[in-house]
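Quick notes on the structure that follows.
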Amino acid sequence: MSPRQWMRRVLARASVAIVCSGSPGIPTAIAADQPSDVLGDIVVTATRHEEALSKVPISISAFTQESMDVKGIKDFQDVVRFTPGVQIDANQTNQISIRGIASSGGAGTTGIYIDDTPIQMRAMGFNPDDALPKTFDLDRVEVLRGPQGTLFGAGSEGGAVRYITPQPSLTDFSAYARTELSFTEGGAPSYEAGYAAGGPLIEDNLGVRASLWYRRDGGWIDRIDPTTLATVQSNTNYDNTMVAKLAATLKPADRVTITPSIFFQNRERNDVSIFWPIYSDPGSNNYRSANPTGLQEPDQFFLPVVKLDADLGSMELISNTSAYRRRDLSGYDGTLLNLSYYQTFGGVNAYPYLPYLNPGLYPLLDQTGIHLPPGLQDYRAPAQVTNRQDNVTQEIRLQSKDANARITWTAGAFWMISRSYSLEAINDPMANTFFETMFGTTICAAFQVTAPDCLPNNNSYENQLIGHDRQLAAFGEVNWSLTDKLKLTTGARYSRTQFTFSSFSDGAQNGGPAYGSGEEKANPFTPKLGLTYQFDPSNMAYITWAKGFRIGGANAPIPAALCQSDFQSFGIAATPLSYAPDTVKSWEVGMKNNIDNRVKLATSVYYITWYGIQQTITLPICGLAYTANVGTAVAKGFDLQADVALLSSLVLESALGFTDARYTANSTPAPGSPVILSATGDAIVGQAAIPNAPWTIALGLQYAFNLAAHASYVRVDYEYQSHNHWPTSSEDPLTVQYSFTQQPGEAQVPTNYNPSAQTFTSLRAGSQFGKWNIAAFVDNLLDTHTTTNYNFTGLDPSNAALQPLYRNFTYRPRTIGVTGTYRY
């Protein structure tokens, strides 16, 4: 086929996709007279070799593009609903927790990969928000549970998430399209359209694949003015996302292929999905936010890659060269933060600095809303967090090809250099007007800052960090067939890491200008040892011991004048400029079973010990924070995935997970310090301060049938997440992080709480029409509005009776729609 003919064919297919519309794909194998392909095996590359999922001695969940379309999966938040032992804070930080391994500070604990390129974010300052690709035109998504420090290196302490993209074919043409329209109760419509196509331009020598996809997720929360309560913007929390990919495969020689590719994603979030319960009525899907400032969050990444694959006979050489560039802007409502902080300057006990000129103005913020006096009702102090990543990575692997050989192996080298930039700033142009009205002085005098300008660029707070990472690693893994049934796996990775940084802080709230710099070096060694016993082709058991780590980082210096009383109570002279890597050691025992291809089971039990945990520590009086290595914890539990063909046309999918992740000793800011940061038995929490739910259950029931000669299906999915059983540090009176309110004559009431158990139900039904699959769906079928996460402000340490103002997150209301997918 000539290039001209191929392009005409692509355009013809594209025109069909534009004219037609519909819904998610139904696998053609689903029919009334045969078992669903749900019980079929998936080929994965979790060990860097292609292997059937049922033969890999790792706890894995894998989703093909076809299965994601049937389940209605659009992003990783949807993947989590079907995956045991995994949770995500999708509303605030995108932090992924696998098997309870998540922390309030430091780098991410989950490795995130697009093919062979790591993209997880280096934590520099506040709010390290990982980028997560959307699930359009993917070959599959793999979720690896347990530390993956040998083959995937730094940051894969809890596990790894891998997005595997389709590669251009040198022989066959293929095309994929998806379009959707849906309506959310009480909100705006959502819609999407995307098309991907690829095939040979020159048969056996040159192939290409390109895709383009756009989606708009309509908003369902109205933002109102906090003083007048008038609507500022309806359906403010909408998202626009565009994804584009282009790849080519060249075969310059019989045994060599070169695949250059470009992956681009641009997400424009107009506002956060947070609502104020005091102004909302979730039961009628009336959600309102009185955040003084809307928070737009643009997030863009660009990933060019060149992959080389050389067939060396009994071995294969793979080289992956990439340059990852990301620009992300997020933040928080600085107005609310400032009001809750500034009101502590007066109040009941004039704590800690200044009395109010008019005590009747106290409080500025409480459980009933914002109370700004005339002349200050337009006070706004938006806070933005800019994060940038520029990574260059190179990995070279040499690995065996014969999967049936007595010894199979992988050996490689990894190199990365990256630059990270973080700037947190609270823009406070009315700061002096505010302080003169409330306290009769300027903000500079209130904070005792004598710098010429304590409001640089009208910012009352600035914290800038620039870091450079350098990693060099050698790794290898060998599988030894000791007998026909018993296999030994040995692996190790030795890394040399260096992190250098410079910091600059400024603004009245930061004590004026200050500079800092430092360096953190480490040479982590992450071994792995495992045994696998294959009873027969359908049944296997394994036991694995493995180690994982994440790289250390830096802190901006905290002025001693602002936080001296905190330092004294903590027993430290100053906050550390850097913090070291932390590590996990994991034991896992698992089994994979297939009973007559009617029942498929994957079971694992694990015990993980976590040392020197990187945690965010907030100084309770001055309110500033830093990250340090404090605490030891254990995460233990199990996960079970079971797929059962109840009938030839009725399949039950299930995933059950249990996680117990808690501190095993009191953690303190310094040896001998009487201050307890986390107490023995407290639940591990991530950056969102919400612990992992101990129990997660996912059930999917799918019935396949023929409707007027069209293969059809009906599917219902149910997910359950339990209430947490153990207190967090902020709920434990033994810790300095404990916060509470106390009405006169009443007992203390913690302001932090664990959300109640959550359920989510969805329904899908579809039919196949030629190469199109059309499906109708209802997400959040029961229209649940359980609180999934929350923030609160308004506390004053001098006044325990002051009640907090809560702002909540919940599920998108019931959404009804139709999706169409096309495959050729």
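Worth pointing out:
- Cβ crowding within 10 Å averaged over residues, with 398-409, 212-223, 436-447 ranked highest first: 212-223, 436-447, 398-409
- log10 of Debye I(q)/I(0), alpha-carbon scatterers only, for region 212-273 at 0.29 Å⁻¹: -1.09
- In the complete set of protein chains, residue-level accessible area for Ser169 is approximately 40 Å², probe 1.4 angstrom.
- FRET E, pair Phe173, Arg496, Förster distance 51 Å, beta-carbon r, rounded to 0.05: 0.65
- Square roots of 5 times each gyration tensor eigenvalue, C-alpha, region 747-795, largest first, Å: 42, 11, 7
- Full extension of the segment from Tyr611 to Ser517, taken as 0.36 nm per residue of separation minus the current Cα-Cα distance, would add 31.2 nm.
- What the phi angles of region 749-763 give under the Karplus curve with 6.51, -1.76 and 1.60, with θ = phi - 60°, is a coupling list of 10, x, 7, 8, 8, 8, x, 6, 4, 10, 10, 9, 10, 9, 9 Hz, glycine and proline written as x.
- Value in Å of the Kirkwood radius, where region 400-488 supplies the Cα pairs that are averaged: 18.9
- Pairs of alpha carbons in region 504-572 whose separation is greater than 16 Å (percent): 72
- Working from Cα pairs under 8 Å separated by at least six residues, relative contact order for region 445-589 is 22 percent.
- Per-residue HN-Hα couplings for region 539-547 [Karplus 6.51, -1.76, 1.60; θ = phi - 60°; Hz; x = Gly/Pro]: 9, 8, 10, 8, 9, 9, 10, 8, 10
- Once C-alpha pairs closer than 8 Å and six or more residues apart are averaged by separation and normalised to the residue number of region 589-717, the relative contact order reads 19 percent.
- Interatomic Cα distance distribution for region 456-502, bins of 5 angstrom, percent: 5, 13, 12, 10, 10, 10, 7, 8, 7, 6, 4, 3, 2, 2, 1
- Inter-label distance for Lys585 and Phe535, nm, one decimal - labels placed 7 Å from Cα along Cα-to-Cβ: 3.1
- Using θ = phi - 60° and Karplus 6.51 cos²θ - 1.76 cosθ + 1.60, couplings along region 817-824 (whole Hz; Gly, Pro as x): x, 9, 10, x, 10, 10, 10, 9
- Solvent exposure of region 696-744, expressed per residue, is 47 Å² of accessible area, with all protein chains present and a 1.4 angstrom probe.
- Sorted from longest to shortest, the spans of the Cα atoms of region 144-191 along the three principal axes equal 46, 43, 14 Å.
- Inter-part distance, region 40-112 to region 555-584, computed on C-alpha centroids, equals 35 Å.
- Radius, Kirkwood style, for region 556-655 when every pair of distinct Cα atoms is counted (Å): 17.8
- Rounded percent of accessible protein surface that carbon and sulfur make up, the chain, 1.4 Å probe: 58
- Under-5 Å amide H pairs with Asp428, H placed in peptide plane, nonlocal only: Asn459, Ser460
- For the chain, a crude dipole built from +1 on the beta carbon of Lys and Arg and -1 on the beta carbon of Asp and Glu, taken about the Cα centre, is about 1820 debye to the nearest 20.
- Intensity falloff of region 710-773 expressed as log10 I(q)/I(0), Debye formula with alpha-carbon point scatterers, at q = 0.16, 0.28 Å⁻¹: -0.71, -1.12
- Per residue, the accessible area of region 117-167 comes to 14 Å², computed with a 1.4 Å probe over protein heavy atoms only.
- Of interest is the spacing of the C-alpha centroids, which for region 187-209 and region 241-270 amounts to 11 Å.
- The relative contact order of the chain, computed from alpha carbon pairs under 8 Å that lie at least 6 residues apart in sequence, is 14 percent.
- For Gly512, the residues whose amide H sits under 5 Å from its own are Gly507, ignoring neighbours fewer than 5 places away on the same chain, with H placed 1.01 Å from N.
- Signed unit charges on C-beta, dipole axis of the chain, positive-most listed residue Tyr822, Asn291, Phe570: Tyr822
- Cβ-Cβ FRET estimate between Ser648 and Gln743, R0 fixed at 60 Å, reported to 0.05: 0.45
- Ellipsoid semi-axes in whole angstrom, largest first, where each is sqrt(5λ) of the Cα gyration tensor of the chain: 46, 31, 26
- Calculated P(r) tail over 25 Å for region 448-603, as whole % of Cα pairs: 57
- Annotation: peptides 545-555, 467-477, 530-540, 189-199, ranked by per-residue average of other Cβ atoms within 10 Å with the highest first, follow the order 545-555, 189-199, 467-477, 530-540.
- Modelled spin labels at Ala574 and Arg470, positioned 7 Å past Cα toward Cβ, are 2.5 nm from each other.
- Residues whose amide H lies under 5 Å from that of Phe740, counting only those 5 or more places away or on a different chain, are Thr751; hydrogens are built 1.01 Å from N in the peptide plane.
- In region 625-685, inverting the average of 1/r over every pair of distinct C-alpha atoms gives 14.8 Å as the Kirkwood radius.
The values are calculated or read from the model by the stated rules, or taken from the named source; none is laboratory data. Only a predicted model underlies this, so the values are computations on that prediction, with no experimental measurement involved. Methodologically, a virtual Cβ is constructed for each residue, glycine included, from the backbone with ideal geometry; neighbour enumeration extends over all protein chains shown. With ligands, DNA and RNA removed, areas are computed over all heavy atoms of the protein, side chains included. Shrake-Rupley method; radii C 1.70, N 1.55, O 1.52, S 1.80 Å.
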